[in-house]
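Report on the structure given below.
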Amino acid sequence: MNFNKFFSAKGPLRHSFSEASGPASGGQSKTFRRVLWGIGIAIILLAAFKAGEFVGFRKASFSYRWGENYYRSFTGPRGGFFGELGGRDFMMGHGTSGTIVKVATSTLVVQDRDNAEKVILITKNTVVNRFRDTIPASDLKENDNVVIIGSPNDAGQIEAKLIRVLPPPGVPGAFPGPASGTPLKTPQQR
C-alpha cells in the first residue's frame, strides 16, 4: 500500500469525504502531519527528561559515595598515620597496613592488626619508599612494617601503587619529636 498516496490530498481519502470539505480543508495530510509532529516532539522531550534523570542519578550516587568515604580519603586513620599502625578504619579494600609475613618475587603477604593476611601484588609501577627514599621492592623483607595503598582486583588481592616501609613501633629516634625521645631541632640548631 502506498501511504503517501493514501494520505495525500489527491489520494482515496479525499474522495471519500463530501464536497463540502473540498479543497479548503487541505485534506487529512496536514492534520496527520501535525499529529505526527506532536508525537515526535513529545518523544524527544521524554527522552531528554529521561537522560537528565539518568545523569542526575549518577551524580547523586557519586556524591553520596564520595561523602561517605571523605574521612578515609582525606583524614587518614583515627589515631593518625603513625599513632597505632593499622587502625580499623584505615584504607579498607584500597590498602592495608601491617607486618610482612611472606615475600615472593611479585607478591607480599601482609598480616594486619586483625591478624588477617592480605596478598599484595607488586608491579613495575609500584613505588616503594622508606622515609623519603625510594628503594627497590627487592629490599622488602619479612617483619617490615608497611602501609600499602593500591586498588583491589577481582581475586581479592591489592595491586600496590605505593608501599611505605615504617620503622618498628617504639624505636627511639625513628621519628623526631617528643614521643620518640629525640628533640626536634630548631632552624637555628640546624
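The values are calculated or read from the model by the stated rules, or taken from the named source; none is laboratory data. Every value quoted in this text rests on a predicted model; they were computed, and no experiment measured them. Don't worry about glycine lacking a Cβ; one is built from the backbone with ideal geometry, like all the others, and counts go over all protein chains shown.
Here Q111 fulfils each of the conditions (1) at pLDDT below 75; (2) surrounded by 15 or more Cβ atoms within 10 Å (Cβ to Cβ); (3) not aromatic (F, W, Y) apart from (1).
Figure legend. Inter-residue proximity from segment 103-128: first residues farther than 11 Å from I158 by Cα, second residues hydroxyl-bearing (S, T, Y), beta-carbon distance below 7 Å, spacing 6+ or different chains. Indicated pairs: Q111/T99; D112/T96; D112/S97; V127/T134; V128/T134.
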